[in-house]
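Structure first, commentary second.
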Amino acid sequence: MNIVRLSNQTKMNIFKSAIGWLIIVIYLFPVYWMINTSFKTGKEMFANPPTLIPHDFYIGSYKAVFTGNYGTWNALLNSIVISVSVLLLTLVIAIPSSYAVARLRTRTTTSMMVMLTVVQLLPAIAISIPMFVMFRQVGLVNTYVSVILADISVTLPFAVILLRPYFKQFPYEVEEAAQLDGLNTLQTIMRIVMPTIKPGLVMIGSFSFLMAWGEFTFALTLTTNQNIQPLTVALNRIIGQYGTNWNDLMAVATIIALPVLLIFIFLQRYIVAGLAGGATKG
């Protein structure tokens, strides 16, 4: 009887694994096709039937996007500046904010959490136009500042909501002991609390960077100067009125997707631990 039960359990595990791998393949196939197309010539790209692996790896598309008139190098630098700035500012603001919301349990903090949740539900297109009007009045259109602040308006509520459970579950007695040793609140957070919640911080930092890296609506609305526009807007410039160089388009899309893949590959342990930890803390 035990052998039969073990056999059934093994079959169920194999079935679940097969379903999981099938979902992964279906989900990642468009990413593979994007990379695959970026290495094809224009003729092979429209071959029928389509080729799953390029016959000859053509790197001309990557040369074209970096040496042509697309402004890819400048757009790449803009994306790095904007994303890193959003990452650092989000953590600098979200850490003390989350701590305050977790420790000061009042009606004000409850209302603040509701407002932060509502902000998360607003689509970017709904607030991009009011932001454009506001930034134009203060002369910040076509600047890094406008795009960074707009991105932070999305990443900051997300960060506060996910970091709050970590601070809420951290033992207050440990903080009291640190204060008895002469540490103030800020020193306690930096020296005692932050090393303990490292997975949550890495997870928040990674998602903040990726959200800013892939943001398109704010960048397109708040910047008309190509010298300020990030890669996502540069990708849109490749789509012409009378035609599109699909292999060049896929090459830029691959460049945009590369940091996303690298971050999840090298930081997946922290990201999974951060999401699991935040989900199990109340």
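So how many residues does segment 222-264 have that are surrounded by 14 or more Cβ atoms within 10 Å (Cβ to Cβ), of a type in the set (Ser, Thr, Tyr) and either modelled with pLDDT under 85 or in contact with a Phe, Trp or Tyr (Cβ under 8 Å, 6 or more places away or on another chain) (or both)?
1
Out of Met112, Met12, Met45, I need the residue that is of a type outside the set (Phe, Trp, Tyr) and within 30 Å of Ile161 (Cα to Cα). Which one?
Answer to the check: Met112.
State the number of residues belonging to segment 36-75 that are exposed (fewer than 14 other Cβ atoms within 10 Å of the Cβ), in contact with an Asp or Glu (Cβ under 8 Å, 6 or more places away or on another chain) and of a type in the set (S, T, N, Q).
Count: 1.
So which pairs qualify, if the first residue must be in segment 43-72 and under 18 Å from Val31 (Cβ atoms), the second must be in a loop (DSSP other than H, G, I, E, B) and open to solvent by 30 Å² or more (accessible area, probe 1.4 Å), the Cβ gap must be under 7 Å, and the two must be at least 6 apart or on different chains?
Pro54/Phe39; Phe57/Phe39
Go through Gly182, Gly214 for me and flag whichever is of a type outside the set (A, V, I, L, M, F, W, C) and either in contact with a Lys or Arg (Cβ under 8 Å, 6 or more places away or on another chain) or under 23 Å from Val84 (Cβ atoms) (or both).
Just one listed residue meets the conditions, Gly214.
Taking Ser98 as the residue in question, decide whether it is surrounded by 15 or more Cβ atoms within 10 Å (Cβ to Cβ) and among the small types (Gly, Ala, Ser).
Judged against the criteria, Ser98 is a match.
If we keep just the residues of segment 130-167 that are closer than 15 Å to Val86 by Cβ and free of Cβ contacts under 8 Å to residues at least 60 places away in the same chain, which is least open to solvent (accessible area, probe 1.4 Å)?
Pro157
Show me the helices (runs of 4 or more DSSP H) entirely contained within segment 185-255 in which 2 or more residues are aromatic (Phe, Trp, Tyr).
198-213
Consider only pairs whose beta carbons are under 6 Å apart and that are at least six residues apart or on different chains; among these, list those whose first residue lies in segment 244-273 and is farther than 11 Å from Val202 by Cβ and touching a residue at least 60 places away in the same chain (Cβ under 8 Å) and whose second residue is of a type in the set (Phe, Trp, Tyr) and open to solvent by 20 Å² or more (accessible area, probe 1.4 Å).
That search, which allows pairs on different chains as well, returns Ala251/Tyr62.
Count, please, the residues in segment 100-142 that happen to be assigned to a loop (DSSP other than H, G, I, E, B), under 20 Å from Val233 (Cβ atoms) and out of contact with any helix residue (DSSP H, G or I) (no Cβ under 6 Å at 6 or more places or on another chain).
Residues that pass the stated criteria total 2.
Quick one: what pairs do we get from segment 114-129, first residue farther than 22 Å from Leu140 by Cβ, second modelled with pLDDT of 75 or more, C-beta under 6 Å, 6+ apart or different chains?
Matching pairs, first to second residue: Leu116/Pro157; Leu116/Val160; Leu116/Ile161; Gln120/Pro157.
Do we have Phe15 as of a type outside the set (Ser, Thr, Tyr), more than 23 Å from the chain's Cα centre (by Cα) and either open to solvent by less than 80 Å² (accessible area, probe 1.4 Å) or closer than 25 Å to Val193 by Cα (or both) here?
No.
Given the conditions (1) open to solvent by less than 70 Å² (accessible area, probe 1.4 Å); (2) over 21 Å from Ile256 (Cα atoms), which single one is not true for Val31?
Unmet condition: (2).
Got a number for residues in segment 107-123 being closer than 21 Å to Val193 by Cβ and either in contact with a Ser or Thr (Cβ under 8 Å, 6 or more places away or on another chain) or open to solvent by 50 Å² or more (accessible area, probe 1.4 Å) (or both)?
Matching residues across segment 107-123 total 1.
The values are calculated or read from the model by the stated rules, or taken from the named source; none is laboratory data. Just so you know, these numbers come straight off a predicted model, no measurement behind them. FYI the Cβ positions are ideal-geometry reconstructions off the backbone, even for glycines, and counts take in every protein chain you see. The accessibility values were calculated without ligands, DNA or RNA, using every heavy atom of the protein model including side chains. Shrake-Rupley method; radii C 1.70, N 1.55, O 1.52, S 1.80 Å.
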